[in-house]
Amino acid sequence: MDLFSLTLHEIRDMMRNGEISSKEVLDSVYGRIEAVEDKIEAYLTLTKDYAYEAAESIDKRRLKGEKLGDLAGIPMAVKDNISTKGIKTTCASKMLENYIPPFDAHVFEKLKEAGAILVGKTNLDEFAMGCSTETSAFKITKNPWDLERVPGGSSGGSAAAVAADEAYFAIGSDTGGSMRQPASLCGVIGFKPTYGAISRYGLVAFASSFDQIGTFAKDVEDCAIILNYLYGYDEKDTTSLPIEFGDFKEALNKDIKGMKIGLPKEYYDKGIDGEVKEMILDGVKVLERLGAHVEEISLPYAKYAVPVYYIISSSEASSNLARFDGVRYGYRAKEYKDLEELYVNSRSQGFGSEVKFRIMLGTYSLSSKCYDTHYNRALKVRRLIKQELEEAFVKYDILITPTYPTIASKIGEKSEDLVAMYMSDICTVTANIAGIPAMSIPCGFSKGLPVGMQIMSKAMGEADIIKAAHAFEKNTNYYKNKPTL
Amino acid sequence: MIEKKELLNIASLAKLKLSEEDEEKITKKFNLVLNYARMFDELDLENVEPLVNINNLSNVMREDEPMESYDRETLLANAPEKLYGCIKVSKIIE
């Protein structure tokens, strides 16, 4: 048995029972990384010295008889837009190629306290802008199920690392689907929380009113365990919710009889691959057999979600990324004749094309000429979308949709097809627009590649998602399939 | 459709200079999004309030208490060029 292929809770139990040490677990994971990372390229930085030091300390504490939590000694990966003190945090951008944060993100601090061990920082689309991890300035991560295909994005490195057993779990961020979509394409669980549930302190900002940190996990139980450590109020994030969410493990092993599920028909429309659609509907049937009530519903405002997302998120990005000016930190151009040129040259050489596009779209949408027609109108439609969902959740506990319209595409294929690239966010952005939680869970394979089912609930309705997902998983076991590497 | 002149003006406002390749790519992407955004025309938004604060939290305050901060060396560690314990930039005043 390979230790790296087990789940977090299995490894936790073995460590607790004294069958294995944290160092042995780490050996297994780094052994795996050595064996497959050349093919996958999920990581931008490996933190081996740091990790072994941490594992040794966990083992010592355990030997002393200290009672340790679920995450103690568990190797994890963290997306490279989440600040790690003393460890490079590049956002996969030339702009931050050599940037070493002087502080930890709130979540990383919490995970360290819990004893989780960072094995490395993972690849992403530059500044998390993209859905294939192809806009990374440094490398192209491959989908572990087919090395010629993308892992999705922007958290593609984190998703691929978990799918390839290069970490037991991985932290990512989700602005328009950046956790759920790669989870779907790599066949793992991806969870985006209610807006404000997990502190964004230390996450390099892309679009502050959409960004949320979340987790990739091998199964639903692991996901519930990890979320328990990530959730909680943080005074350093002014949008942090002062709310107790309780223990997510209590939502496991629950009966879903009588649960009300809505299937918004707009998400099953043209543009969704036939086989993908079939798989989601088969998944829904599993829940129906377990006693859930399923109804088709309509969300007419859903079709406006993508332009709303692009305009608002780009506007926020334009403002957030203004800080990268080549002065205090980050990339500075070698040649410039005055301060103006220092700004322009540093930004033009430091940012890739996709980032420039988003900044400019935002600058345009916020300009006095377009503020009312673009930015302000998008904010209004955002309210309509949020209200429509709130109304739906009066009647339904969860909504189920595909996570992504297709299986993973070939590397290079979609980056040229703008409409396809643009439409790819269609199933996931609504949750970010409305600030609600959503999970992607593996629900089958099409042409040998994983397909994900998206479960959404009302804000703070995480327990309903976990309840349904766990019931589904126990009756399907898709997560047990592993890519051959 | 966005015109070249306007695109270049936005680039300059955003302190960006575009290569010819970027210019072409970004124009295409701009037009795609602006085209989709025209869908908003079909909606009556007259009496809809813009949604700026997703969780209705406002004016989050804390006590104004002195706290530990970073020392100069730590903060300057990432500065691309420094001189006499400060960040170095080119001359601003002639």
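Laboratory data are not the source of any read-out in this text; all were calculated from the coordinates shown. Everything numeric here is computed off the predicted structure, so don't read it as measured data. For neighbour counting, all protein chains shown are included, and Cβ atoms are generated from backbone atoms with ideal geometry for every residue, glycine included.
So which of A:LYS270/A:LYS482; A:LYS67/A:LYS110; A:LYS254/A:LYS458; A:LYS142/B:LYS15 end up more than 22 Å apart by C-alpha?
Details: A:LYS270/A:LYS482 30 Å; A:LYS67/A:LYS110 17 Å; A:LYS254/A:LYS458 19 Å; A:LYS142/B:LYS15 34 Å.
Too far apart for the 22 Å limit: A:LYS270/A:LYS482; A:LYS142/B:LYS15.
Which of A:SER315, B:SER69 has the fewest other C-beta atoms within 10 Å, and how do the rest follow up to the most? Kindly include the intermediate steps, with their values, before the conclusion.
On the way: A:SER315 26, B:SER69 7.
Ascending number of Cβ neighbours within 10 Å: B:SER69, A:SER315.
What number, in percent, do you get for the relative contact order of chain A if the mean sequence gap of Cα pairs under 8 Å and at least 6 apart is divided by its residue count?
Numbers: 1131 pairs, mean separation 83.5, N = 485.
After rounding, I find 17 percent.
For segment A:115-146 and segment A:365-415, what is the separation of their Cα centres, given in Å?
24
Would any residue of segment B:1-23 have its amide N under 18 Å from a label point 7 Å out along Cα→Cβ of A:ASP338? List them or say none.
Once the point is set 7 Å along Cα→Cβ of A:ASP338, B:12-17 turn out to lie under 18 Å by backbone N, inside segment B:1-23.
Consider a paramagnetic label point 7 Å from the Cα of A:LYS480 along Cα→Cβ; state which residues of segment A:4-32 have an amide N under 15 Å from it.
A:6-7
Pull up the cross-link candidates among the aspartates and glutamates for A:LYS139, meaning alpha carbon to alpha carbon under 15 Å and not fewer than 8 places away within one chain.
A:GLU37, A:ASP38, A:GLU41, A:ASP80, A:GLU97, A:ASP125, A:GLU126, A:GLU148
Rounded to the nearest 500, what is the 222 nm mean residue ellipticity of chain B from helices alone, with -39500 (n - 2.57) per DSSP H run of 4+ residues and division by all residues?
On the way: 3 runs with 33 residues, N = 94.
After summing the helix terms and dividing by residue count, I get -10500 deg cm²/dmol.
Of A:LYS192/B:LYS28; A:LYS88/A:LYS112; A:LYS39/A:LYS356; A:LYS112/A:LYS236, which pairs sit farther than 27 Å apart, going by alpha carbon to alpha carbon? Walk me through the intermediate numbers first.
Values: A:LYS192/B:LYS28 31 Å; A:LYS88/A:LYS112 17 Å; A:LYS39/A:LYS356 30 Å; A:LYS112/A:LYS236 18 Å.
With Cα atoms farther than 27 Å apart: A:LYS192/B:LYS28; A:LYS39/A:LYS356.
With +1 on each Lys and Arg Cβ and -1 on each Asp and Glu Cβ, and nothing else charged, work out how big the dipole of segment A:95-137 is about its Cα centre, in Debye to the nearest 20.
Numbers: 3 positive and 7 negative charges, 38 e Å.
Approximately 180 debye in magnitude.
Among all the aspartates and glutamates, which ones have a C-alpha under 14 Å from A:LYS218's C-alpha, if same-chain residues fewer than 8 places away are not counted?
In chain and number order, the partners are A:GLU10, A:ASP165, A:GLU166, A:GLU473.
Which whole-angstrom value gives the distance between the alpha carbon centres of segment A:268-305 and segment B:1-57?
Taking the Cα centre of segment B:1-57 as reference, the centre of segment A:268-305 is 32 Å away.
Please say if segment A:148-191 is rounded, prolate or oblate, where rounded means a/c under 1.5 for a ≥ b ≥ c the square roots of the C-alpha gyration tensor eigenvalues, and otherwise the choice is prolate for a/b larger than b/c and oblate otherwise? Could the numbers behind the result be given before it?
Values: a/c = 1.77, a/b = 1.19, b/c = 1.49.
Oblate.
Before rounding to the nearest 500, sum -39500 (n - 2.57) across all DSSP H runs of length at least 4 in chain A and divide by the residue total; then give [θ] at 222 nm in deg cm²/dmol.
On the way: 15 runs with 180 residues, N = 485.
Value at 222 nm, helices only: -11500 deg cm²/dmol.
Among the GluC sites (Glu not before Pro) in segment A:281-373, which ones are in a DSSP loop with at most 12 other Cβ atoms within 10 Å of the Cβ? Mind listing them?
Details: sites: A:GLU288, A:GLU295, A:GLU296, A:GLU316, A:GLU335, A:GLU340, A:GLU341, A:GLU354; in loops: A:GLU335.
In loop regions of segment A:281-373 (DSSP not H, G, I, E or B), the sparsely surrounded GluC sites (Glu not before Pro) are A:GLU335.
For a quick check of your reading of the filter: which chymotrypsin sites (Phe, Trp or Tyr not before Pro) in segment A:1-109 sit in a DSSP loop and have no more than 15 other Cβ atoms within 10 Å?
Working: sites: A:PHE4, A:TYR30, A:TYR43, A:TYR50, A:TYR52, A:TYR99, A:PHE103, A:PHE108; in loops: A:TYR99, A:PHE103.
For chymotrypsin sites (Phe, Trp or Tyr not before Pro) across segment A:1-109 that sit outside H, G, I, E and B with at most 15 neighbouring Cβ atoms in 10 Å, the list is empty.
Put a dot 7 Å past each Cα toward the Cβ at A:TYR52 and B:SER19; how far apart are the dots in nm?
Each label point is offset 7 Å from its Cα along the Cβ direction, giving 4.1 nm.
Which number do you get for Rg(Cα) / (2.2 N^0.38 Å) in segment A:346-485? Let's see the in-between values first.
On the way: Rg = 18.9 Å, N = 140, 2.2 N^0.38 = 14.4 Å.
Normalised Rg, Cα atoms only: 1.31.
Looking only at chain A, where both bridge partners belong to it, what percent of the DSSP beta bridges are antiparallel (to the nearest 5)?
Working: 32 of 47 bridges.
If I count the DSSP bridges inside chain A, around 70 percent turn out antiparallel.
Which of A:TYR336, A:TYR309, B:TYR70, A:TYR231 has the fewest other C-beta atoms within 10 Å, and how do the rest follow up to the most?
Neighbour counts put them in this order, fewest first: B:TYR70, A:TYR336, A:TYR231, A:TYR309.
Which value, in Å to one decimal place, does the Kirkwood hydrodynamic radius take for the protein assembly as shown when every pair of different Cα atoms is included?
Working: mean 1/r = 0.0415 Å⁻¹.
Radius from the Kirkwood sum: 24.1 Å.
Got a sec? How would A:ASP219, A:ASP125, A:ASP325 order by Cβ neighbour count within 10 Å, fewest to most?
Working: A:ASP219 23, A:ASP125 31, A:ASP325 19.
The most exposed by this proxy come first: A:ASP325, A:ASP219, A:ASP125.
So, R0 is 56 Å and r is the distance between the beta-carbons of B:ILE92 and A:LYS303; what FRET efficiency does that work out to, to 0.05? Numbers along the way, then the final one.
Working: r = 49 Å, r/R0 = 0.88.
Result of the calculation: an efficiency of 0.70.
Count, for each residue of A:348-360, the Cβ atoms from other chains sitting within 10 Å of its Cβ, then give me the mean as a whole number.
Details: counts 8, 1, 0, 3, 1, 8, 4, 1, 10, 10, 3, 7, 12.
Average per residue, whole number: 5.
Between A:ILE140 and A:ASP27, what FRET efficiency follows from the Cβ-Cβ distance if R0 is 35 Å, with the result rounded to 0.05? Intermediate results must be reported in sequence, preceding the final value.
On the way: r = 28 Å, r/R0 = 0.81.
Efficiency, from the Cβ-Cβ distance: 0.80.
Within 10 Å, count the other beta carbons around each residue, average over each peptide in A:18-29, B:47-58, and list them highest first. Please list the in-between numbers first.
Working: A:18-29: 18.5, B:47-58: 13.0.
Per-residue mean Cβ counts within 10 Å order the peptides as A:18-29, B:47-58.
Tell me, what is the percent relative contact order of segment A:218-372, built from C-alpha pairs under 8 Å that lie six or more residues apart? Working shown, then result.
Working: 132 pairs, mean separation 28.1, N = 155.
The value is 18 percent.
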